[in-house]
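A.B. asks: Mind having a look at this structure? Questions to follow.
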Amino acid sequence: MSIFVSNHEIVITGRFGRPGALVLGRIFSLWDILAYGAGIGLGFVLDRLAARFISAEQPTPHSPS
């Protein structure tokens, strides 16, 4: 008999509480994976646009002649 609790048991036990259900969900859904992917993609695009906007506003240093 092991004194350690397996990670699987912790996840299953924690999943049925309110915090666990909000973070992990109660079921596996491919729609969740698609939503996560869309959110990551949108965040990436917004980050690139913000970086481009910020770098366009900053003046470039001039080298001495």
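Read-outs: derived from the displayed coordinates by stated rules, not from any lab. Quick caveat, the model's predicted, so the values are computed rather than measured. When we count neighbours, we look across all protein chains shown, and the Cβ atoms used for this are built from the backbone with ideal geometry, even at glycine.
A.B. asks: Net charge near Val23, counting Lys/Arg +1 and Asp/Glu -1 over other residues with Cβ under 14 Å of its Cβ? Before the final figure, lay out each step's value.
C.D. replies: Values: positive: Arg15, Arg18, Arg26; negative: Asp32.
Residues near Val23 contribute +2 overall.
A.B. asks: Give me the net charge for the shell around Gly39: Cβ to Cβ below 14 angstrom, other residues only, Lys and Arg +1, Asp and Glu -1. Let's see the in-between values first.
C.D. replies: On the way: positive: none; negative: Asp32, Asp47.
Neighbour charge sum, excluding Gly39 itself: -2.
A.B. asks: What's the extension gain from Asp47 to Thr13 if we count 0.36 nm per residue and subtract their Cα-Cα distance? List each step's numbers first, then the result.
C.D. replies: On the way: separation 34, 0.36 × 34 = 12.24 nm, distance 3.70 nm.
Full extension from Asp47 to Thr13 adds 8.5 nm.
A.B. asks: Sticking with this one: Calculated FRET efficiency, Leu34 and Ala56, Cβ-Cβ r, R0 30 Å, to nearest 0.05? It would help to have the intermediate numbers written out before the result.
C.D. replies: Working: r = 33 Å, r/R0 = 1.10.
Efficiency, rounded to the nearest 0.05: 0.35.
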